[in-house]
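**Q** Right, I'll just put the structure down here and ask away after.
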Amino acid sequence: DTEVTQTPKHLVMGMTNKKSLKCEQHMGHRAMYWYKQKAKKPPELMFVYSYEKLSINESVPSRFSPECPNSSLLNLHLHALQPEDSALYLCASSQDRAGRDEQFFGPGTRLTVL
Amino acid sequence: AQSVTQPDIHITVSEGASLELRCNYSYGATPYLFWYVQSPGQGLQLLLKYFSGDTLVQGIKGFEAEFKRSQSSFNLRKPSVHWSDAAEYFCASMIKAAGNKLTFGGGTRVLVKP
């Protein structure tokens, strides 16, 4: 299985809602990532988990809360988002070899904040 | 700090014609280099990667890229494009010192004319 899956595919939420994005991989990868991608822009790194521990937080606002329950699963909890948070949220995973490490991306969750 | 530049924002090419996408990186040492493709609303798919060794790298879908240290470049090529190659292409780099952090170029959108 060489896939990263993400659910839901689309999500519409109000600014007072709480929702979660889910990402799963079964490739035995030990690093998992969240990226945010605005239209016509490259992905921007948000968080990196390495061996289930948060290793990089790119100064992301606290209304985004990542969680890595186990090595195959990565969640992104959303609360009190703003309309400018509307974007494509991409999850990725890799074997976690510093440098020589190719990342596999999921199809993304298209988030709209009203 | 490392950076990646893709000088061409848009490229239009006729079906069957050749394609070359430019990528330049800025870093003292040789980074690890990647090309990803993204179809509209989709995740990123890895086309090819360069870690070391042979400077001409073969990838999927008939793509190849050549690493040129003297020009700090990693240009992507395809001899004959298909309509399905219309997509956004991202060049990215990674350096060992930065852990697993990918630095993306701004992307090049490829349009294919029939």
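The values are calculated or read from the model by the stated rules, or taken from the named source; none is laboratory data. For clarity, every value in this text was computed on a predicted model and none was experimentally measured. For neighbour counting, all protein chains shown are included, and Cβ atoms are generated from backbone atoms with ideal geometry for every residue, glycine included.
**Q** Scan (1) buried (at least 17 other Cβ atoms within 10 Å of the Cβ); (2) within 24 Å of A:CYS23 (Cβ to Cβ); (3) touching an Asp or Glu at 6+ places or on another chain (Cβ under 8 Å) for the single condition B:LEU48 breaks and write down its number.
**A** (2)
**Q** Being acidic (Asp, Glu) and either touching a Phe, Trp or Tyr at 6+ places or on another chain (Cβ under 8 Å) or surrounded by 15 or more Cβ atoms within 10 Å (Cβ to Cβ) (or both) is the filter here, so list the residues in the range A:68-114 that pass it.
**A** If the condition is that a residue be acidic (Asp, Glu) and either touching a Phe, Trp or Tyr at 6+ places or on another chain (Cβ under 8 Å) or surrounded by 15 or more Cβ atoms within 10 Å (Cβ to Cβ) (or both), then A:ASP85, A:ASP96, A:ASP101, A:GLU102 are the ones that fit.
**Q** Turning to a different aspect of this structure: Can you find a residue in the range B:32-50 that is farther than 29 Å from A:LYS36 by Cβ and either touching a strand residue (DSSP E or B) at 6+ places or on another chain (Cβ under 7 Å) or at pLDDT 90 or above (or both)?
**A** no
**Q** Check the range B:19-37 and report whether any residue there is in contact with a helix residue (DSSP H, G or I) (Cβ under 9 Å, 6 or more places away or on another chain) and more than 25 Å from A:SER94 (Cβ to Cβ).
**A** Yes: one or more hits.
**Q** Next question, about the same structure. Considering the range B:66-95 alone, what residues qualify as being within 14 Å of chain A (Cβ to nearest Cβ), buried (at least 21 other Cβ atoms within 10 Å of the Cβ) and among the aliphatic types (A, V, I, L, M)?
**A** Of everything in the range B:66-95, those that are within 14 Å of chain A (Cβ to nearest Cβ), buried (at least 21 other Cβ atoms within 10 Å of the Cβ) and among the aliphatic types (A, V, I, L, M) turn out to be B:ALA92, B:MET94.
**Q** So, one more: Take the residues in the range B:61-114 that are outside any strand (DSSP E or B) and among the aromatic types (Phe, Trp, Tyr); name whichever of them is nearest to B:ARG22 (Cα to Cα).
**A** Top of the filtered list is B:PHE63.
**Q** Still on this structure: Give the number of residues within the range A:47-71 that are part of a loop (DSSP other than H, G, I, E, B) and touching a residue at least 24 places away in the same chain (Cβ under 8 Å).
**A** 2
**Q** Looking only at the range B:91-106, count every residue that is touching a Gly at 6+ places or on another chain (Cβ under 9 Å) and at pLDDT 75 or above and tell me the total.
**A** Going through the range B:91-106 one residue at a time, the tally reaches 6.
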